[in-house]
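Shown next, in structure tokens, is the structure this report addresses.
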Amino acid sequence: MSFASLGLSAPILEAVAEQGYETPSPIQLKAIPSVIEGKDVMAAAQTGTGKTAGFTLPLLEILSKGALAKPTQVRALVLTPTRELAAQVAESVTTYGKNLPLRSAVVFGGVKINPQITKLRRGTDVLVATPGRLLDLYNQKAVKFDQLEVLVLDEADRMLDMGFIHDIRKILAVLPKQRQNLLFSATFSNEIRSLAKGLVNDPVEISVTPRNATAKTVEQMVHPVDKKRKPALLTQLIEDHKWQQVLVFTKTKHGANRLTRHLEGAGIKAAAIHGNKSQGARTKALADFKSGAIRTLVATDIAARGLDIDQLPQVVNYELPNVAEDYVHRIGRTGRAGASGHAVSLVCAEEFKLLAGIERLTNQLLERSMISGFEPVESLPQSRLGQRIPKGNGAAKKPKQAAAGRGNGNGNGNENKPRRRRSSANAQAKPQGNGEGRGQQRNNANGNRSARPKTQGNAQARGNGQGRNSQPRRSPASQAT
């Protein structure tokens, strides 16, 4: 099958050919014809399978049939959870629509809002946006949806994980009832299906990979190591294997900064990317990583969502995620578009339950490989897929840990801080904030409000971080938009 057989017009086919693509991926083969036919679509495919082109190509085809000389309102809206993903989708729209008389724009937080308002008032056919900034623009009457034809929710599972459900519902409430709806996601959880019931009408459901499966092109390895020796082991792996481009995942922003300083001290050029970084710093770090100016990009899960890096050879789980599904998303950064990749996890004894949860979720036992000189004092048990893992959905129970100090308003805390209990009583300890919340939020550029829902993952600190805190449940959205 070729792209020409999917119902795409010559201008789009020419743009696709210029990018060197000849054969559609499985998700593109199934999604593109259904979207062009005007049907609502629910599509699930793991990262790196061509999901973005799966909706941008048919979206451009639909809009080109009724192109206006000067659109006054948005005709298609694409919602994404993070700034990086929004920029990636917008780039795809521009690339594939270069031969069409269509206008596009991208809006997200962390940058000045006035230039975005100016561009929107000139008119746009396709608007790519993060939820918080879009609501700001709507409240300032900078964007209207009376002529909206198509709504796309990209990475819908992550938007729910990041606490965007309230913002999404507010946006849906102001959109025309008669529209085409496209919901794309890496996985379809029960929450996603619940959201879809009130969103899509008689949808075509597409799934090209088993739920929570990892790509066969990614070689996965576990290196058991004591927690305190992880920095030294990572440094040795980078140097011994001469890795020139490696994406490293940590749980927290503070941990990402600390690891970056360690690598720099060892002579390995590195940069951190997380929610406390300005949009300019995040953009520069990613650009330097892609160009080879730095060898190692240290990222938290939220900041890394949507990163599109061609031929990324190495991903390292410096710390395992508390949510098993995030492991699938992490290693999906490598082995994309049929290329081979390598995913390494540095696992200490305290993380065994997390590892067992990942193995149960993905239905595979990960190979252990001991590195000489880094043998852990406490050996790592071998998992069994049939054993009972706490906390359903494959996610291992979060380990107990000491609570961090009260937030100082700068957000340098744990992005996924678990609950703990008092050692001297059965009562649950009062949670301690990490300062991620409202103190930082109110100081964010141009009134970004995407983190306001009370379901937000982090403790909320008012003003200078001295305010009240709340118990976290999900990963935070504040740094995403």
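The values are calculated or read from the model by the stated rules, or taken from the named source; none is laboratory data. Everything quoted here is computed from the prediction, not taken from an experiment. As a convention, Cβ positions derive from the backbone with ideal geometry for all residues, glycine included, and neighbour counts pool all protein chains shown.
Details
- A single entry from Leu259, Leu199 fulfils the requirement of being touching a residue at least 12 places away in the same chain (Cβ under 8 Å), crowded, with 16+ Cβ neighbours inside 10 Å and out of contact with any Asp or Glu (no Cβ under 9 Å at 6 or more places or on another chain): Leu259.
- Test for Glu61: is it more than 19 Å from the chain's Cα centre (by Cα), surrounded by fewer than 21 Cβ atoms within 10 Å (Cβ to Cβ) and assigned by TED's automatic domain parsing to the domain that holds Phe164: no
Residues are listed down the side, and each one gets a yes or a no for (1) aliphatic (A, V, I, L, M); (2) under 21 Å from the mean Cα position of the chain (by Cα); (3) modelled with pLDDT under 90; (4) buried (at least 24 other Cβ atoms within 10 Å of the Cβ):
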| site | (1), (2), (3), (4) |
| --- | --- |
| Lys253 | no, yes, no, yes |
| Gly267 | no, no, no, no |
| Lys277 | no, yes, yes, no |
| Ala281 | yes, yes, yes, no |
| Ala303 | yes, yes, yes, yes |
| Asp308 | no, yes, yes, no |
| Asn317 | no, yes, no, yes |
| Gly335 | no, yes, yes, yes |
| Ser345 | no, yes, no, yes |
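- Residue that is modelled with the lowest pLDDT, among those in segment 39-62 that are of a type outside the set (D, E, K, R) and in contact with a strand residue (DSSP E or B) (Cβ under 6 Å, 6 or more places away or on another chain): Ala44
- Any hit, segment 218-232, residues being of a type outside the set (Ser, Thr, Tyr), buried (at least 19 other Cβ atoms within 10 Å of the Cβ) and within 30 Å of Val41 (Cβ to Cβ): yes
- Residues being charged (D, E, K, R) and touching a residue at least 40 places away in the same chain (Cβ under 8 Å) - total across segment 278-307: 4
- Failed criterion for Thr82 (all others in (1) crowded, with 23+ Cβ neighbours inside 10 Å; (2) among the hydroxyl-bearing types (Ser, Thr, Tyr); (3) without any contact (Cβ under 8 Å) to a residue 60 or more places away in the chain hold): (3)
- For segment 1-36, filtered to residues that are assigned to a loop (DSSP other than H, G, I, E, B) and among the polar types (S, T, N, Q), the residue that is farthest from Leu182 (Cα to Cα) is Gln19.
- Leu151 meets all of the listed conditions (1) more than 18 Å from Ala173 (Cβ to Cβ); (2) surrounded by 22 or more Cβ atoms within 10 Å (Cβ to Cβ) but one, namely (1).
- For Val93, the stated conditions do not hold, so it cannot be described as modelled with pLDDT under 95, outside any strand (DSSP E or B), touching a helix residue (DSSP H, G or I) at 6+ places or on another chain (Cβ under 7 Å) and not assigned by TED's automatic domain parsing to the domain that holds Pro321.
- Residue check for Arg103: among the charged types (D, E, K, R) and crowded, with 22+ Cβ neighbours inside 10 Å: no
- Of all residues in segment 342-367, exactly one satisfies the criterion of being part of a helix (DSSP H, G or I) and hydroxyl-bearing (Ser, Thr, Tyr), namely Thr362.
Rundown of residues vs (1) more than 26 Å from the chain's Cα centre (by Cα); (2) over 16 Å from Leu151 (Cα atoms); (3) assigned to a loop (DSSP other than H, G, I, E, B), yes/no style:
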| site | (1), (2), (3) |
| --- | --- |
| Lys98 | yes, yes, yes |
| Pro101 | yes, yes, yes |
| Gly109 | no, yes, yes |
| Gln116 | no, yes, no |
| Leu120 | no, yes, no |
| Thr124 | no, no, yes |
| Val128 | no, no, no |
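- Filter pass, Lys39 being assigned to a helix (DSSP H, G or I), in the same structural domain as Leu172 (by TED's automatic domain parsing) and touching a residue at least 24 places away in the same chain (Cβ under 8 Å): no
- Pair list, Cβ < 9 Å and 6+ apart or interchain, from segment 179-191 residues that are in the same structural domain as Ile36 (by TED's automatic domain parsing) to residues that are in a helix (DSSP H, G or I) and among the basic types (Lys, Arg): Phe184/Lys51; Ser185/Lys51; Ser185/Arg158; Ala186/Lys51; Ala186/Arg158
Let's see how each residue does on (1) modelled with pLDDT of 85 or more; (2) under 25 Å from the mean Cα position of the chain (by Cα):
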residue: Ser207; (1), (2): no, yes
residue: Arg211; (1), (2): no, yes
residue: Thr214; (1), (2): no, yes
residue: Thr217; (1), (2): no, yes
residue: Gln220; (1), (2): yes, yes
residue: Arg229; (1), (2): yes, no
residue: Leu233; (1), (2): yes, no
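- Matching residues in segment 1-32 - criterion: being within 23 Å of Ala44 (Cα to Cα) and acidic (Asp, Glu): Glu22
- Single match in Arg261, Arg193 (criterion: part of a helix (DSSP H, G or I) and within 20 Å of the chain's Cα centre (by Cα)): Arg193
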